[in-house]
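Heads up, the thing below is written out as structure tokens.
The values are calculated or read from the model by the stated rules, or taken from the named source; none is laboratory data. Quick caveat: nothing in here was measured; it's all calculated off a predicted structure. Please note: Cβ atoms are built from the backbone with ideal geometry, for glycine as well, and neighbour counts cover all protein chains shown.
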Amino acid sequence: MFDQEKQVYSFLEHSKIPVYDVPPELLRAVSESLEKYIRVTRDLFQDRYYLEASNYVGSFSAGGVQFQINPKIPVNNLFYIISKVYDLVEVKPLDQLVHLSASYELIEYLLRLLLEETERLLRQGLFSRYLAFCDRLNVIRGKLIMKTLAQRSWDISEIECAFHEYTPDVLENQLVLSALNNAAKIPTVRIFSSSVSNVINKLWAVSDRKLTGKDVDKVIFNRLNNRYKKVLTLARFFLDNIGLKDESGGQHVRGFFIDMNKLFEKYVERLLKEKQWGNIQIKTQHSEQFARQPDITVKPDIIFFEDDLPRLIIDVKYKRSNKPSSEDIYQMNAYADQFDTDVVLVYPTDEVEEKEYYLPKGRKLYVRYLNLGGACIFAEEGRFLTRISELL
């Protein structure tokens, strides 16, 4: 939880707030370390500083000041979306999910689950396997590399050997450690800070590698490592999102952020792929050369294919607007020309007007929404899928 003894600012994504009694050098450190996530501005006439959030939610701290960025949608809806994207039903059924009121509570709850699963694995014993090594040793181990020995016959103080070692330093454990190291940068963690450090210390035999959520897909599960499914499901969340720890101007800056743009895109992809569409196949991030130019590619978010031909293109925009921007329309027109099919823009709010536009070459641009702020997100999902089905 937040340290109540420290100054705390709380605001919403895509919003701007004034900050008082915060030293300018601290705000400069925030600007330099977190410029991608937070914009710091100054009103010279009022001599006042402002913080402006973008599409990231989470928390960060600088010096003795803590900041919390909450989503504009209900936090419980955000938790549901994360649960669907990251298959958290494998860890905890949806009907058992807790009610949360702030983004930092959500992140800390997931961290608690990650710690519990990691402790369970440590009690059972870490998964290990035999790995091949080749190293110069001062004792013979495994198989001698005779070629190297002949080349350095005058120096046998170290001999190159090839051997196998049974070790826990495998990808499964490296993913868990990398996720914990990223989670350790969460600035709001107070109760769990010692627990995170203790668990990390227990993984001393595991290499600290820079891994991402995509590396989880490299794990091939079998009866020996099947018990890692839950912990790696949680680890993927912490690997996909951004943990930062920096020092600027003598100020320590830490933060953990969820990219709502990417999360909304993954959520829509998962929702569409869960539905049965008959002979239609769904591909995501499918790229093609634009206008036969090898150095220019187009990559729509989602394409519906039928008999290997594009049937419909969907692009997801995490924006609160009542109509598409000119840039979005130009982009969708390029997709329609390239793939010779109708296109759809999907927004996360019912503030946008659902309508259709006729593009220059006869194709249509449809505007649709999936309302993330609805009281019943299950009902919103059903209505959204129905409206997409009507376009096929």
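Of note, Asn226 does not satisfy the criterion of being touching a Phe, Trp or Tyr at 6+ places or on another chain (Cβ under 9 Å) and modelled with pLDDT of 90 or more. Within the range 338-351, residues that are more than 13 Å from Val298 (Cβ to Cβ) and touching a residue at least 40 places away in the same chain (Cβ under 8 Å) reach no partner that is among the acidic types (Asp, Glu) and surrounded by fewer than 22 Cβ atoms within 10 Å (Cβ to Cβ) with beta carbons closer than 6 Å at six or more positions or on different chains.
Of the residues that make up the range 247-259, is at least one in a loop (DSSP other than H, G, I, E, B) and either among the acidic types (Asp, Glu) or under 21 Å from Val89 (Cα atoms) (or both)? No, that holds for no residue. Here Asp315 clears all of (1) within 16 Å of Val268 (Cβ to Cβ); (2) over 28 Å from the mean Cα position of the chain (by Cα); (3) in a strand (DSSP E or B); (4) not hydrophobic (A, V, I, L, M, F, W, C) except the condition numbered (2). Evaluated against (1) under 30 Å from Val316 (Cα atoms); (2) loosely packed, with under 15 Cβ neighbours inside 10 Å, Ser207 falls short on exactly one condition, (1).
Taking into account only those residues within the range 214-264 that are farther than 21 Å from Leu110 by Cα and acidic (Asp, Glu), which is farthest from the chain's Cα centre (by Cα)? Only one residue tops the list, namely Glu247. Given the condition in contact with a Phe, Trp or Tyr (Cβ under 8 Å, 6 or more places away or on another chain), at negative phi and not in a helix (DSSP H, G or I), answer yes or no: does some residue in the range 267-276 qualify? Among the residues of the range 267-276, not one is in contact with a Phe, Trp or Tyr (Cβ under 8 Å, 6 or more places away or on another chain), at negative phi and not in a helix (DSSP H, G or I), which makes the answer no.
Every residue, every condition in (1) among the aliphatic types (A, V, I, L, M); (2) part of a strand (DSSP E or B); (3) farther than 18 Å from Asn261 by Cβ, yes or no:
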{"position": "Pro300", "(1), (2), (3)": "no, no, no"}
{"position": "Pro310", "(1), (2), (3)": "no, yes, yes"}
{"position": "Asn322", "(1), (2), (3)": "no, no, yes"}
{"position": "Gln331", "(1), (2), (3)": "no, no, no"}
{"position": "Asp337", "(1), (2), (3)": "no, no, yes"}
{"position": "Gly362", "(1), (2), (3)": "no, no, yes"}
{"position": "Tyr366", "(1), (2), (3)": "no, yes, yes"}
{"position": "Gly374", "(1), (2), (3)": "no, no, yes"}
{"position": "Glu380", "(1), (2), (3)": "no, no, yes"}
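Taking the criterion of being of a type in the set (Val, Ile, Thr) and either part of a helix (DSSP H, G or I) or at pLDDT 95 or above (or both), the residues of the range 229-246 that qualify are Val231, Thr233. For the range 322-371, the set of residues classified as touching a Leu at 6+ places or on another chain (Cβ under 8 Å), under 26 Å from Lys266 (Cβ atoms) and among the aliphatic types (A, V, I, L, M) consists of Ile329, Met332, Ala336, Val343, Val344, Leu345, Val346, Leu365, Val367, Leu370, listed by residue number. Pairing residues of the range 116-128 that are in contact (Cβ under 8 Å) with a residue 40 or more places away in the chain with residues that are of a type in the set (Phe, Trp, Tyr) and not in a helix (DSSP H, G or I), at Cβ distances under 9 Å and at least 6 apart in sequence or on separate chains, gives Leu121/Phe127; Ser128/Tyr166. From the residues in the range 165-188 that are of a type in the set (Gly, Ala, Ser) and in a helix (DSSP H, G or I), which one is surrounded by the fewest Cβ atoms within 10 Å (Cβ to Cβ)? Once the filter is applied, the top-ranked residue is Ser178. The set of residues in the range 303-341 being more than 13 Å from Lys364 (Cα to Cα) and of a type in the set (A, V, I, L, M) consists of Ile303, Leu309, Val316.
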